[in-house]
Amino acid sequence: MTWLIWRQHRTEVCVLGLLVGVFGIALLVLGTQAHDLFPGGPARCAGEARLDEACVASFRRLDDEYGFVENLLAAFYLMPVVIGAFLGAPLLARELEDGTWQLAWTQAVPRTRWLAAKLAALAGVTAALIGTFTAVLTWFRRPFDVWEGRFQYDAFDLQGLVPVAYALFAFGIATAAGAVLRRSLPAFGVAFGAFLAARMAVGLLARPAYATPLTSVEPVPAGGSEDRAGHRPGVADWTIDHGYADAAGRRLTSSEYLELEAAADRAGTNLNQFLHARGVQQVEVYHPADRFWAFQIVEAALFATVAAVAIGVVVWRVRRRVV
Amino acid sequence: MTTGEFALRTDGVGKRYRKGWALRDCTLALPAGGVIALVGPNGAGKTTLLRLVVGLLAPSTGTVEVLGHDVTASTSRTLARIGFLAQDHPLYKRFTVAEMLRFGRACNLRFDQGLAEHRLAKLGIPLDRRTGTLSGGQQAQVALALALAKRPDLLVLDEPVASLDPLARHEFMQVLMGAVAEGDVTVLFSSHVVHELERVCDHLVVLDNGRVTLTGDIDTLLTEHRLLVGPRTATGPERSGAVVETVHSERHTTLLVRDGALPVAPGWQARPVALEDLVLAYLRRPGVDVTAVGAA
């Protein structure tokens, strides 16, 4: 069976391997140069307390010289779906398209074993490819993460466990769509659409609610943002909402805030001083940075569960001979 | 294989797709050994029946027993004893012929690679060619060699020659019949062409509109049936229960009857019937349940 699976899927595996290899090596090369900007390693500059002159200089150079690469990383949002759907879509669809399912399932290997071997092998390849790529990408982003934290969308979605779960999700949906639609290309399209829809819905709606966010309420500092020492949340935390409250702690609507702004304008005073004098407080709703792994686990579990359900549907269909 | 064992037994088998019944109430008992033809028009349910026989589909009703085992279980052991050649003989088009043989070896404990290579060499089919580049006839031969290399006890073929040109068709049947002559294999194949069946087959199953309308040993069927030709009449001899078909010409009436060899009424002549005419008469017979829909 190993030989057969390799023979049938080697084209996809090789193309994806090449893709991961090329981008992985590019990231390794650029990453080595970026890491070299930090003589003691980027971890030395972690935390505002340890942010000395040298670190600030390093971060500035990092942003100047490699900031564009960081922006390009957004393209790798699609890496999990490319890998997962490319391997999953043809698994059953190609056999059904070409009629070879009738050949494959009338040999002495029962179809459930055939299916189990294929699913295990190709899901394994999916996880290995995206896992390798994610490891490289996580390493590449380390200096950026020290500076910006890893809770923002451009970091959280590319690191840790979630890319592997996204890829398995795409694999499962693509395989199931292939079993139902009986054609590879539409199955790939369905997986792509499902991936985009699920990622957006989960990222924007579900993720902020994985845990109860913390709220910090502090008076607006008179001197503006410069003297916000010790003020939470920091850059590494994930701020999901911010606004203003009056002295009693009641949240101001945006029109109320705009009125205050206009009043400060009319009075000709500095806005911060104006707000400070009226006891207006800054409100920030956020998830602290140390929730990163908890959030990763929740989101990975969410996508992995859907993947498992999709695979379950495939197994059920094949066992019951619906296809 | 002991004589009297059944290669295939179905009991009340039906298969319903979303659009309706493709096969209903199919009860068959086909003996092991020899060649069985499954005949019927397109959409009669032949493919459905064959897929049920090899375990590719599960029946909606009834049971299918192949070589004494319930095929729905699809155990390795049962699958190993069945060879199947699907319609249009699908192969992995990007595999070379040699890789197709390796596929057979990888997926079967019992696989006679030497036999397959020998057959293909005799036909002049090179092992290093991709199957997609072979002619239709050669692809059919590769698929047949693959099925035969399993040394199956039951070989099932779905319209094996339908897509082949006359020459390839002849060559294919020759190889198939050669294999039958060599070993103990029971062959079940479907066809919508009735022509030439008599020469090749021992047993016949006629399927129409999802139902079995005739089944039996061909020699027996030909002995039981005969044509009676007599003066044109509205009623015919008093045997209407046994009359399969009545054809009137200007002056004569021809009856196809299934009456064994009862004495012929005065004024009537008995003639043997050709297999092709017999099958066509059964396919023309009205009154078959119309709720069955074809799904080929």
field: First in the stretch A:205-217 and in a strand (DSSP E or B), second anywhere and open to solvent by 70 Å² or more (accessible area, probe 1.4 Å), Cβ under 6 Å, 6 or more apart
entry: A:Ser216/A:Arg232
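Among B:Arg110, B:Arg94, B:Arg119, which is more than 9 Å from every other protein chain (Cβ to nearest Cβ), in contact (Cβ under 8 Å) with a residue 24 or more places away in the chain and in contact with a helix residue (DSSP H, G or I) (Cβ under 9 Å, 6 or more places away or on another chain)? Give the steps one after another, and end with the answer.
Values: B:Arg110 fails: more than 9 Å from every other protein chain (Cβ to nearest Cβ); B:Arg94 fails: more than 9 Å from every other protein chain (Cβ to nearest Cβ).
Unique residue meeting the criteria: B:Arg119.
Conditions (1) in a strand (DSSP E or B); (2) in contact with a helix residue (DSSP H, G or I) (Cβ under 9 Å, 6 or more places away or on another chain); (3) more than 26 Å from B:Val142 (Cα to Cα); (4) without any contact (Cβ under 8 Å) to a residue 24 or more places away in the chain, marked per residue:
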residue	(1), (2), (3), (4)
B:Asn42	no, no, no, no
B:Ala58	no, yes, yes, yes
B:Glu65	yes, yes, yes, no
B:Phe84	yes, yes, no, no
B:Pro90	no, yes, no, no
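Could you grab me the full set of residues in the stretch A:5-37 that are assigned to a helix (DSSP H, G or I), open to solvent by less than 70 Å² (accessible area, probe 1.4 Å) and hydrophobic (A, V, I, L, M, F, W, C)? Steps first, please.
Applying the first criterion (assigned to a helix (DSSP H, G or I)) to the stretch A:5-37 yields A:5-36.
Okay, now just the ones that are also open to solvent by less than 70 Å² (accessible area, probe 1.4 Å), so A:5, A:7-9, A:12-13, A:16-17, A:19-21, A:24, A:26-27, A:30-32, A:34-35.
Result: A:Ile5, A:Val13, A:Leu16, A:Leu19, A:Val20, A:Ala26, A:Leu27, A:Leu30, A:Ala34.
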task: Report whether or not A:Gly224 is modelled with pLDDT under 85 and farther than 30 Å from A:Arg141 by Cα.
output: yes
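Could you tell me whether A:Phe156 is over 16 Å from A:Ile5 (Cα atoms), away from chain B (no Cβ under 14 Å), open to solvent by less than 30 Å² (accessible area, probe 1.4 Å) and in contact with a strand residue (DSSP E or B) (Cβ under 7 Å, 6 or more places away or on another chain)? Show your work before the answer.
On the way: over 16 Å from A:Ile5 (Cα atoms): yes; away from chain B (no Cβ under 14 Å): yes; open to solvent by less than 30 Å² (accessible area, probe 1.4 Å): yes; in contact with a strand residue (DSSP E or B) (Cβ under 7 Å, 6 or more places away or on another chain): no.
No.
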query: So, of the residues in the stretch A:81-118 that are open to solvent by 20 Å² or more (accessible area, probe 1.4 Å) and more than 8 Å from every other protein chain (Cβ to nearest Cβ), which turns out to be nearest to B:Phe111 (Cα to Cα)?
result: A:Arg113
query: Is it true that some residue in the stretch A:110-122 is in contact with a strand residue (DSSP E or B) (Cβ under 8 Å, 6 or more places away or on another chain) and either part of a loop (DSSP other than H, G, I, E, B) or not assigned by the TED database to the domain that holds A:Val13 (or both)?
result: no
field: Index of the failed condition, B:Ser74 passing every other in (1) in contact with an Asp or Glu (Cβ under 9 Å, 6 or more places away or on another chain); (2) open to solvent by less than 40 Å² (accessible area, probe 1.4 Å); (3) farther than 26 Å from B:Ala181 by Cα
entry: (1)
statement: Of the conditions (1) within 20 Å of A:Val322 (Cα to Cα); (2) acidic (Asp, Glu); (3) within 10 Å of chain A (Cβ to nearest Cβ), the single one that B:Asp70 does not satisfy is (3)
- request: Can you confirm whether the stretch B:96-114 contains a residue that is touching a strand residue (DSSP E or B) at 6+ places or on another chain (Cβ under 7 Å) and surrounded by fewer than 23 Cβ atoms within 10 Å (Cβ to Cβ)?
  value: yes
message: For the stretch B:42-56, which positions are surrounded by fewer than 23 Cβ atoms within 10 Å (Cβ to Cβ) and aliphatic (A, V, I, L, M)?
response: B:Leu56
- line: Residue count, the stretch B:77-89, condition of a type outside the set (Gly, Ala, Ser), open to solvent by 10 Å² or more (accessible area, probe 1.4 Å) and either at the interface with another protein chain (Cβ under 7 Å from one of its Cβ atoms) or under 18 Å from B:Cys26 (Cα atoms) (or both), comes to 2
- line: Filter the stretch B:45-56 for residues that are within 11 Å of chain A (Cβ to nearest Cβ) and part of a loop (DSSP other than H, G, I, E, B); the one that is nearest to B:Val156 (Cα to Cα) is B:Val54
query: Is it the case that the stretch B:131-140 has a residue that's assigned to a helix (DSSP H, G or I), surrounded by 15 or more Cβ atoms within 10 Å (Cβ to Cβ) and within 11 Å of chain A (Cβ to nearest Cβ)?
result: yes
statement: A:Thr11 passes all but one of the listed conditions (1) away from chain B (no Cβ under 14 Å); (2) among the polar types (S, T, N, Q); (3) over 26 Å from the mean Cα position of the chain (by Cα); the exception is number (1)
- prompt: Do we have B:Asp165 as open to solvent by 40 Å² or more (accessible area, probe 1.4 Å) and more than 22 Å from B:Ile218 (Cα to Cα) here?
  reply: yes
- request: Check A:Leu181, A:Leu129, A:Leu122 and return the single one that is at pLDDT 95 or above, within 15 Å of A:Ala85 (Cα to Cα) and open to solvent by 50 Å² or more (accessible area, probe 1.4 Å).
  value: A:Leu181
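Rundown of residues vs (1) within 28 Å of A:Arg291 (Cα to Cα); (2) at pLDDT 85 or above, yes/no style:
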{"site": "A:Asp237", "(1), (2)": "yes, yes"}
{"site": "A:His242", "(1), (2)": "yes, yes"}
{"site": "A:Ala245", "(1), (2)": "yes, yes"}
{"site": "A:Ala248", "(1), (2)": "no, no"}
{"site": "A:Arg251", "(1), (2)": "yes, yes"}
{"site": "A:Glu256", "(1), (2)": "no, yes"}
{"site": "A:Ala264", "(1), (2)": "no, yes"}
{"site": "A:Gly268", "(1), (2)": "no, no"}
query: Would you pick out the residues in the stretch B:176-228 that are crowded, with 23+ Cβ neighbours inside 10 Å and small (Gly, Ala, Ser)?
result: B:Ser190, B:Gly210
- request: Would you mind telling me which numbered condition in (1) more than 12 Å from chain A (Cβ to nearest Cβ); (2) open to solvent by less than 50 Å² (accessible area, probe 1.4 Å) B:Ala143 fails?
  value: (1)
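Is it the case, given these coordinates, that A:Arg199 is of a type in the set (Lys, Arg), modelled with pLDDT of 95 or more and farther than 30 Å from A:Leu27 by Cα? First the steps, then the outcome.
Numbers: of a type in the set (Lys, Arg): yes; modelled with pLDDT of 95 or more: yes; farther than 30 Å from A:Leu27 by Cα: no.
Spelling it out, it is not the case that A:Arg199 is of a type in the set (Lys, Arg), modelled with pLDDT of 95 or more and farther than 30 Å from A:Leu27 by Cα.
The values are calculated or read from the model by the stated rules, or taken from the named source; none is laboratory data. Since we're looking at a predicted model, the values are computed, not measured. Don't worry about glycine lacking a Cβ; one is built from the backbone with ideal geometry, like all the others, and counts go over all protein chains shown. What goes into the accessible areas is simple: the full protein's heavy atoms, side chains included, and nothing from ligands, DNA or RNA. Shrake-Rupley method; radii C 1.70, N 1.55, O 1.52, S 1.80 Å.
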